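First comes the structure, then the notes that go with it.
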Amino acid sequence: MLSHCKLGVIAALLIPMAFAQDVVQPGLAPGTSRDRVPTPAPNAYIVTFRTGTPKSARALAALQSGAQLRFNLDNVAAVVVTVSNAAALNALRNNPAVLRAVPDYVVRTTEKPSGTSGGKPGGGGGGTSSPLTFNTRQIIPYEVQRIGIPGQGNDGTGIGVAVVDTGIDSHPDLAPSSSSFTAFGSSCQDDHGHATHVSGLIAALNNEIAIVGVAPGAKLYCVKVLDATGSGTDGTTMAGLDWVLTNRNAVTPPIRVVNLSLGRSLALGETLENTALRPIIQALYNAGVVVVAAAGNSPDLEVSQFVPAGLPEVISVASTVAINGIRTCYLNGDPALGWVPADTASGFTTDGPAVTISAPGEEHTDIVNLGSAGCVGLQYGAISTTRGTTGATRKVAGAEARGTSFAAPLVSGVVARIIQKLLVPATGDAAEVEGIRSWITANASRKNEAPLDHPWANVNYPYTYDGKREGIAQAPK
Ligand SMILES: [Ca+2]
Ligand SMILES: [Ca+2]
């Protein structure tokens, strides 16, 4: 890691300031460390009770033990608490109604970290941070074009999509429902920018400004479970998902889709079977709510080591590039293709058999020679609605918006359009979710061909590309 950091600094000094893109150097692990080891939130626990233990009994148990109750869930017999001392934790664990108490792990956005990026916003190369605020037209992002441009009767109208994320900014190109949930205070305002970018790719309005999303007729629901740093926990995520499940049919239009551009790797001793997030995800699945999850940004991890994307109930989405990038240099063993073609697997994406589908989580990657920094990859983000502006940029909080975070919302938009067009029987149960998964898989573009191998796969990185080329998600025509 030390050499990684050193080289990162050297690269930073050598990169012309005009390049705002993230720089990835061959032979070095990508900047994925924050995905690797989940951190327990201080003094925070998720306490699971015997099935059927009433909410009131759970609250009383927490009170009597001396724990502070943060969330008491409706749909699973669990509470999220903070405990100030070991005695309180032991008292809870010794309660005969309690099955287990596990640490409340930190989850984060699945936006790829800045890594070795050395550029500053502003300047050329497509990396400008000045929002595009066209008054006479809007942009259709390349990512949306690759998935399928919306049309009349094919735009998600009447379908609610919950963005379980950092909140949603009051942006003129977004029109979320006034029904919302926040795990932090009373506002669902986006204090980070991630969810505003994600929201635009799902449902930015079809008008004359900013961009258009995959499903501009869909109704967004703001479910804020991550804070201004893009961090939350299993507990805040569970509380947000619990709100969705409880309120999905009480709001208009009903919530049918959940976008989760967040996650964490499994902790030591934790499995997909016993992870705290599983029961609420299963409950949504059994109610026919489609949960779309970003596969993660650790190419040396299997998606099965990442939650929630590894859970079999979710539709997990890996990342590709939307359009061709340029290629001016080659390493030993590289195929001399001449460019980085559209539908190439992103260098950062997590993969594995549990990935349902791929979609563009970045606009394109250039592989170019940057002087003494050598042959590097420049990743360009997806253009979308940007927090604190009335327009759209490729950036979230100053960093290029690339990562499986931006692939998942495209698929959430696809799901909204599938449901709107009644392409799968609306049985309101797990069969409906599996029907939608099957539709997505069957209608993928370039199935068994894409994602194309990243030029540096297995040459310089320890990629886990599984050989299953699930294809690129396509919206209904
Ligand atoms: Ca628009
Ligand atoms: Ca794959």
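Each reported figure results from applying straightforward, stated rules to the coordinates on display, with no laboratory input. Since this is a predicted model, take the numbers as computed values, not measurements. Don't worry about glycine lacking a Cβ; one is built from the backbone with ideal geometry, like all the others, and counts go over all protein chains shown.
How large is the helix-only mean residue ellipticity at 222 nm for the chain, computed as the sum of -39500 (n - 2.57) over DSSP H runs with n ≥ 4, divided by its residue count, in deg cm²/dmol to the nearest 500?
Working: 10 runs with 102 residues, N = 477.
Mean residue ellipticity, 222 nm, calculated: -6500 deg cm²/dmol.
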HN-Hα J in Hz across the stretch 298-306 - Karplus 6.51, -1.76, 1.60, θ = phi - 60°, x for Gly and Pro: 10, x, 9, 10, 7, 4, 5, 9, 10
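For Cys375, Cys222, Cys329, what ranking results if the residue with the fewest other Cβ atoms within 10 Å of its Cβ goes first? Kindly include the intermediate steps, with their values, before the conclusion.
On the way: Cys375 19, Cys222 28, Cys329 13.
Fewest-to-most Cβ neighbours within 10 Å comes out as Cys329, Cys375, Cys222.
Give the peptides 422-431, 156-165 in descending order of average Cβ contacts within 10 Å, highest first.
Numbers: 422-431: 12.9, 156-165: 26.9.
Ranking, from highest mean packing down: 156-165, 422-431.
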Contact order relative to length of the chain, as percent, for alpha carbon pairs under 8 angstrom and 6 or more apart: 20 percent
Interchain or long-range residues, amide H under 5 Å from Val258's placed H: Ala162, Val290, Val291, Val292
In the chain, lysine pairs with alpha-carbon atoms under 15 angstrom apart (chain gap of 8 or more, or interchain): 4
Burial ranking of peptide ranges 86-92, 256-262, 198-204 (average Cβ count within 10 Å, highest at the top): 198-204, 256-262, 86-92
Built amide H within the under 5 Å cut-off of Val107, gap 5+: Gly232, Thr233, Asp234
Residues with amide H under 5 Å from that of Ala401, placed H, sequence gap 5 or more: Gly381, Ala382, Lys395, Val396
Over the stretch 40-106, relative contact order from alpha-carbon pairs under 8 Å, at least 6 apart, %: 47 percent
